[in-house]
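Data first, discussion second: the structure below is written as C-alpha cells.
The values are calculated or read from the model by the stated rules, or taken from the named source; none is laboratory data. Model, not experiment: these values are computed from the prediction. Using ideal geometry, Cβ is built from the backbone for each residue, glycine included, and neighbour counts are taken over all protein chains shown.
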C-alpha cells in the first residue's frame, strides 16, 4: 500500500485501506452510523463485518469549520475517518500506526488553533482572509512579527499561511 510521510513517519491513507479491504475481503462489509450530530459537530462509528460478525469498530469526531475541508464537508470527513480507524483496528495498514494519513494530517491542521493559543488569533486572521490582497497584507505584517513566537507556533502559523494561500489560489 502507498503511504504518505508526515513528520518522518509513514502513514497509509484511508482510500488505500479501503482498496485493500475490498480486494482481500470480497464478502466483507463496512457499515457506518452517524452516532451524534448537533451544534456543529458529529461523531461517526464504523464497523468492519466479516461473515456476518463485527470484527472491528472505529469512531471519529469532527467539528464544523475546524479545517478548510470541514467548512463544507465535516460529516463526510468524519465518516471517512471512522472507516480508516476501523480498518486500522482490523489490522489493515498499521505497520507504523493505527492512525491513517488522513487522520494525522487533519490532527496537525487542527492543532493550529487548539494547542497554540498565542498564535491562534493570527491563524484565525489568516483563515478569515477573503481575497489574495487581504492575505498578502496580513502575511507581510505576520512575517515582521514571527520572532515573537516559539518555533512550534511559527510552524503552525506557516502551515496556516500555506493552506490559506493554496485555498485562495484554487478559488
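Could you count how many residues in region 34-64 are under 27 Å from residue 24 (Cβ atoms), without any contact (Cβ under 8 Å) to a residue 12 or more places away in the chain and either in a strand (DSSP E or B) or not assigned by TED's automatic domain parsing to the domain that holds residue 76 (or both)?
2
Need the failing condition index for residue 44 against (1) buried (at least 21 other Cβ atoms within 10 Å of the Cβ); (2) under 19 Å from residue 11 (Cβ atoms); (3) touching a strand residue (DSSP E or B) at 6+ places or on another chain (Cβ under 6 Å), just the number.
That leaves (2) as the condition not met.
So in region 6-30, with the set limited to residues that are in a strand (DSSP E or B) and touching a helix residue (DSSP H, G or I) at 6+ places or on another chain (Cβ under 9 Å), which one is modelled with the highest pLDDT?
This residue is 30.
Checking residue 78 against (1) modelled with pLDDT of 65 or more; (2) assigned to a helix (DSSP H, G or I); (3) surrounded by fewer than 19 Cβ atoms within 10 Å (Cβ to Cβ), which test does it fail?
Every listed condition holds for residue 78 apart from (3).
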